[in-house]
Structure formats: structure tokens, C-alpha cells
Amino acid sequence: METITDFNPSNDIYVHESYDFENDVNPRDLNNKLFCTFTTLDNLDTLVKDITSQYDIMYNKLFVLSIKDSNEFVVTYNVDQGNVNRIPDNTILVHRKKESNTLYTINALNELIKELNGGIVDQKYRVNWMHYRNTILLTQQGSLTQLRTKIHDIIQL
């Protein structure tokens, strides 16, 4: 069964109806943040050491993705909300669609829906996530950006 993303206004969007959670939600998941930190291959080892020394990484995994047609990499990892004192440089908070390995920000999702739906953000619009398989959806200067990714490494802690 597909989950519908709801964009009704709310005081706190993170207390909103679940975006990425299945019906069998692990309560521990509700308090975590998915970080996405951009880096280069030269800085990757240092970044991983910094991340693992500063945070308790949930699920004991870091996913390293290479960005196609670029020398950039991203490291994604879940951090318990109570474990966050600061966000590392070059890091954004993202959401994830598991079935397509799509990472996205809410702003990017809104821009995508506007693009696909004639300029209208419709809370009932269904995105075909498979069209964005292995992609990071971001906004840069108000425009939607799609970064194609490939798994470089999965670091088991």
C-alpha cells in the first residue's frame, strides 16, 4: 500500500502525518534525523571519523553515495534527535523513500510537485518515486536540482 504525502499546514511539519514511515513504525524512528553530508573523496575518511566520534549512529550504518558526473560524495546516516548538538558543515536534513532510494527535502518535494502538476502544489498528488530512483532531490536558489547517485560504500560500525 502506498503512503500519501499530506501537505496540510501544521505548526510543526515533523509532527505531521508520516511522510516516510510504514504502518509498522518503530517508535525509535520517530525521534531520528536523516543527515546527508556532502564531501569529496579526499575528505571522506576524515568526515566518517568526525561523524562517528560526534554522534551515536542509529542502525550502526553509514551509506556513502557517489554523485554521478561529479567528484562529490554524500554520507547519509540516522542520528537520534536527542544526540544532536550541532549539524556538521555541508549537511542537510533529508527524507527518504525506501522503495526507490530517493532522498529529498520538503522544499524539493514541493518544487517537484509544482513541476509535475502545472505549477500547483497539491497535497493529493502522487509522485511516481521510481522516476527518481537513486536520486537526491534538492532546491538550489529556488530551483529543483536532481543529483543521480550510486552506492560507493556501506560502512558497518
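Since every read-out is calculated from the coordinates, none of them should be taken as a lab result. Just so you know, these numbers come straight off a predicted model, no measurement behind them. All Cβ positions, even for glycine, are placed from backbone atoms using ideal geometry, and neighbour counts span all protein chains on display.
Quick notes
- Sorted by Cβ density within 10 Å, fewest first, the residues Glu111, Glu99: Glu99, Glu111
- Using only alpha-carbon positions in the stretch 21-157, the gyration tensor eigenvalues give semi-axes of 26, 19, 13 Å once each is multiplied by 5 and square-rooted (largest first).
- Difference of contour (0.36 nm per residue) and Cα-Cα distance, Lys124 to Thr52: 22.0 nm
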